[in-house]
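Chemist: I have a structure I would like to understand better, so I am pasting it below and will then ask my questions one at a time.
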Amino acid sequence: MGKYLDILARAEAYDKNDRNDKSPSLSGPVVHESAPLIPFGRLSRFGRILSALEARCPDLVPIDRWQLAVQDGRRFLAQWGQAEALGWTAKDLFGLLTVPGHAKPSFNRLSRYDETGLVWLLDGRRVVALTEGTAAIQNPATASITMYRRFDKPALGQLGDSLEDFTGGLR
(Lines give C-alpha, C1' and ligand atoms only; values in the text may rest on other atoms or scores of the structure.)
Protein backbone atom coordinates (compact mmCIF):
# COMPACT_ATOMS: atom_id res chain seq x y z
CA MET A 1 0.00 0.00 0.00
CA GLY A 2 2.98 2.28 0.57
CA LYS A 3 3.80 2.50 -3.11
CA TYR A 4 0.33 3.88 -3.84
CA LEU A 5 0.74 6.54 -1.18
CA ASP A 6 4.08 7.44 -2.79
CA ILE A 7 2.31 7.86 -6.12
CA LEU A 8 -0.27 10.13 -4.51
CA ALA A 9 2.48 12.20 -2.89
CA ARG A 10 4.17 12.57 -6.28
CA ALA A 11 0.84 13.57 -7.84
CA GLU A 12 0.38 16.23 -5.16
CA ALA A 13 3.92 17.46 -5.82
CA TYR A 14 3.02 17.60 -9.49
CA ASP A 15 -0.06 19.68 -8.64
CA LYS A 16 2.07 22.14 -6.64
CA ASN A 17 4.72 22.34 -9.34
CA ASP A 18 2.07 22.77 -12.02
CA ARG A 19 0.51 25.68 -10.13
CA ASN A 20 3.93 27.33 -9.78
CA ASP A 21 4.76 26.75 -13.45
CA LYS A 22 7.75 24.65 -12.51
CA SER A 23 8.77 21.49 -14.24
CA PRO A 24 7.68 18.43 -12.21
CA SER A 25 10.30 15.93 -11.11
CA LEU A 26 8.38 12.66 -11.20
CA SER A 27 9.26 9.17 -12.20
CA GLY A 28 6.77 6.54 -13.27
CA PRO A 29 3.20 6.84 -14.49
CA VAL A 30 1.24 9.39 -12.51
CA VAL A 31 -2.21 10.49 -13.58
CA HIS A 32 -2.96 14.17 -13.22
CA GLU A 33 -6.59 15.28 -13.40
CA SER A 34 -5.84 18.35 -15.51
CA ALA A 35 -3.45 16.53 -17.84
CA PRO A 36 -4.70 16.45 -21.42
CA LEU A 37 -6.24 13.17 -22.41
CA ILE A 38 -4.18 11.25 -24.94
CA PRO A 39 -6.19 9.65 -27.75
CA PHE A 40 -6.30 5.90 -27.14
CA GLY A 41 -7.13 4.90 -30.72
CA ARG A 42 -10.45 3.58 -31.85
CA LEU A 43 -8.63 0.85 -33.80
CA SER A 44 -7.20 -0.77 -30.67
CA ARG A 45 -9.08 -3.70 -29.18
CA PHE A 46 -10.18 -1.72 -26.13
CA GLY A 47 -11.06 1.24 -28.36
CA ARG A 48 -13.39 -0.95 -30.43
CA ILE A 49 -15.01 -2.31 -27.27
CA LEU A 50 -15.52 1.21 -25.93
CA SER A 51 -17.05 2.24 -29.28
CA ALA A 52 -19.50 -0.65 -29.04
CA LEU A 53 -20.33 0.33 -25.45
CA GLU A 54 -20.89 3.94 -26.54
CA ALA A 55 -23.27 2.78 -29.26
CA ARG A 56 -25.86 1.31 -26.91
CA CYS A 57 -26.61 0.65 -23.28
CA PRO A 58 -26.24 -3.04 -22.36
CA ASP A 59 -29.45 -4.83 -21.40
CA LEU A 60 -30.47 -4.56 -17.75
CA VAL A 61 -27.98 -1.81 -16.88
CA PRO A 62 -29.34 1.53 -15.60
CA ILE A 63 -28.83 4.25 -18.23
CA ASP A 64 -27.10 6.65 -15.82
CA ARG A 65 -24.56 3.95 -14.89
CA TRP A 66 -23.97 3.21 -18.59
CA GLN A 67 -23.34 6.88 -19.38
CA LEU A 68 -20.92 7.18 -16.47
CA ALA A 69 -19.14 3.96 -17.50
CA VAL A 70 -18.64 5.36 -21.02
CA GLN A 71 -17.06 8.53 -19.57
CA ASP A 72 -14.94 6.50 -17.14
CA GLY A 73 -13.90 4.14 -19.94
CA ARG A 74 -12.73 7.04 -22.13
CA ARG A 75 -10.75 8.56 -19.28
CA PHE A 76 -9.24 5.24 -18.23
CA LEU A 77 -8.14 4.27 -21.73
CA ALA A 78 -6.70 7.71 -22.41
CA GLN A 79 -4.63 7.60 -19.22
CA TRP A 80 -3.87 3.88 -19.00
CA GLY A 81 -3.47 2.75 -22.59
CA GLN A 82 -0.82 0.29 -21.39
CA ALA A 83 -3.44 -1.80 -19.54
CA GLU A 84 -3.40 -4.41 -22.29
CA ALA A 85 0.40 -4.69 -22.06
CA LEU A 86 -0.03 -5.34 -18.33
CA GLY A 87 -2.35 -8.26 -19.13
CA TRP A 88 -5.73 -6.62 -18.55
CA THR A 89 -8.47 -8.05 -20.74
CA ALA A 90 -11.71 -6.62 -22.08
CA LYS A 91 -13.59 -8.64 -19.47
CA ASP A 92 -11.38 -7.22 -16.69
CA LEU A 93 -12.23 -3.69 -17.78
CA PHE A 94 -15.73 -3.86 -19.30
CA GLY A 95 -17.13 -7.20 -18.11
CA LEU A 96 -20.71 -7.62 -16.95
CA LEU A 97 -22.67 -10.41 -15.35
CA THR A 98 -24.31 -12.65 -17.96
CA VAL A 99 -28.08 -12.25 -18.07
CA PRO A 100 -29.76 -15.53 -17.06
CA GLY A 101 -32.55 -16.81 -19.27
CA HIS A 102 -35.12 -16.33 -16.47
CA ALA A 103 -34.01 -12.81 -15.45
CA LYS A 104 -36.65 -10.59 -13.92
CA PRO A 105 -37.03 -6.98 -15.12
CA SER A 106 -35.45 -5.82 -11.84
CA PHE A 107 -32.28 -7.84 -12.52
CA ASN A 108 -29.17 -5.62 -12.44
CA ARG A 109 -26.03 -6.75 -14.25
CA LEU A 110 -23.91 -4.63 -11.91
CA SER A 111 -25.08 -6.47 -8.81
CA ARG A 112 -22.08 -8.84 -8.55
CA TYR A 113 -18.68 -7.35 -7.86
CA ASP A 114 -16.89 -10.55 -8.87
CA GLU A 115 -18.40 -10.36 -12.38
CA THR A 116 -18.13 -6.59 -12.93
CA GLY A 117 -15.26 -4.96 -14.82
CA LEU A 118 -13.20 -2.11 -13.45
CA VAL A 119 -14.73 0.61 -15.64
CA TRP A 120 -18.22 -0.08 -14.25
CA LEU A 121 -16.94 0.35 -10.70
CA LEU A 122 -15.05 3.62 -11.15
CA ASP A 123 -18.21 5.69 -10.64
CA GLY A 124 -16.48 8.91 -11.70
CA ARG A 125 -13.31 8.21 -9.71
CA ARG A 126 -9.86 7.97 -11.29
CA VAL A 127 -7.26 5.23 -11.33
CA VAL A 128 -4.00 6.56 -9.89
CA ALA A 129 -1.90 3.39 -10.20
CA LEU A 130 -2.17 0.23 -12.29
CA THR A 131 -0.29 -3.06 -12.04
CA GLU A 132 -0.76 -6.49 -13.58
CA GLY A 133 -3.19 -7.44 -10.84
CA THR A 134 -4.54 -4.28 -9.22
CA ALA A 135 -5.86 -0.81 -9.86
CA ALA A 136 -5.70 1.90 -7.20
CA ILE A 137 -8.81 4.09 -7.35
CA GLN A 138 -8.77 7.45 -5.60
CA ASN A 139 -11.90 8.80 -3.96
CA PRO A 140 -11.81 12.58 -4.55
CA ALA A 141 -13.93 13.40 -1.50
CA THR A 142 -11.71 11.67 1.06
CA ALA A 143 -8.47 11.08 -0.89
CA SER A 144 -8.71 7.46 0.23
CA ILE A 145 -7.58 4.65 -2.07
CA THR A 146 -9.72 1.67 -3.01
CA MET A 147 -7.91 -1.35 -4.41
CA TYR A 148 -9.56 -3.19 -7.27
CA ARG A 149 -8.18 -6.69 -7.65
CA ARG A 150 -8.21 -8.27 -11.06
CA PHE A 151 -7.87 -11.76 -9.60
CA ASP A 152 -9.34 -13.38 -6.50
CA LYS A 153 -12.35 -11.11 -6.33
CA PRO A 154 -14.67 -12.35 -3.62
CA ALA A 155 -18.06 -13.59 -4.67
CA LEU A 156 -20.35 -12.20 -2.02
CA GLY A 157 -23.15 -14.70 -2.13
CA GLN A 158 -24.97 -16.87 0.36
CA LEU A 159 -23.14 -19.31 2.57
CA GLY A 160 -22.40 -22.35 0.44
CA ASP A 161 -21.95 -20.44 -2.83
CA SER A 162 -18.20 -21.01 -2.65
CA LEU A 163 -16.20 -24.15 -1.96
CA GLU A 164 -14.12 -22.10 0.44
CA ASP A 165 -17.16 -21.96 2.73
CA PHE A 166 -16.78 -25.70 3.32
CA THR A 167 -13.02 -25.95 3.89
CA GLY A 168 -12.98 -24.25 7.31
CA GLY A 169 -13.19 -27.49 9.29
CA LEU A 170 -10.95 -29.54 6.98
CA ARG A 171 -7.65 -27.83 7.74
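Chemist: Would you check which residues across the range 124-155 are assigned to a loop (DSSP other than H, G, I, E, B), open to solvent by 40 Å² or more (accessible area, probe 1.4 Å), farther than 16 Å from GLN79 by Cβ and not aromatic (Phe, Trp, Tyr) and list them?
Modeler: Across the range 124-155, the qualifying residues are GLU132, ASN139, ALA141, THR142, ALA143, SER144, ASP152, LYS153, PRO154, ALA155.
Chemist: Under the condition of being aliphatic (A, V, I, L, M), in a loop (DSSP other than H, G, I, E, B) and open to solvent by less than 40 Å² (accessible area, probe 1.4 Å), which residue from the range 73-120 is nearest to GLU54 (Cα to Cα)?
Modeler: Only one residue tops the list, namely LEU96.
Chemist: Scan ASP114, ASP92, ASP72 and give me the residue that is touching a residue at least 12 places away in the same chain (Cβ under 8 Å), in contact with a Pro (Cβ under 9 Å, 6 or more places away or on another chain) and of a type in the set (Asp, Glu).
Modeler: It is ASP114.
The values are calculated or read from the model by the stated rules, or taken from the named source; none is laboratory data. Just so it is clear, the structure is predicted and the values come from calculations on it, not from any experiment. Note that we place each Cβ from the backbone using ideal geometry, even for glycine, and neighbour counts take in every protein chain shown. Ligands, DNA and RNA are excluded from the accessible area calculation, which covers all protein heavy atoms including side chains. Shrake-Rupley method; radii C 1.70, N 1.55, O 1.52, S 1.80 Å.
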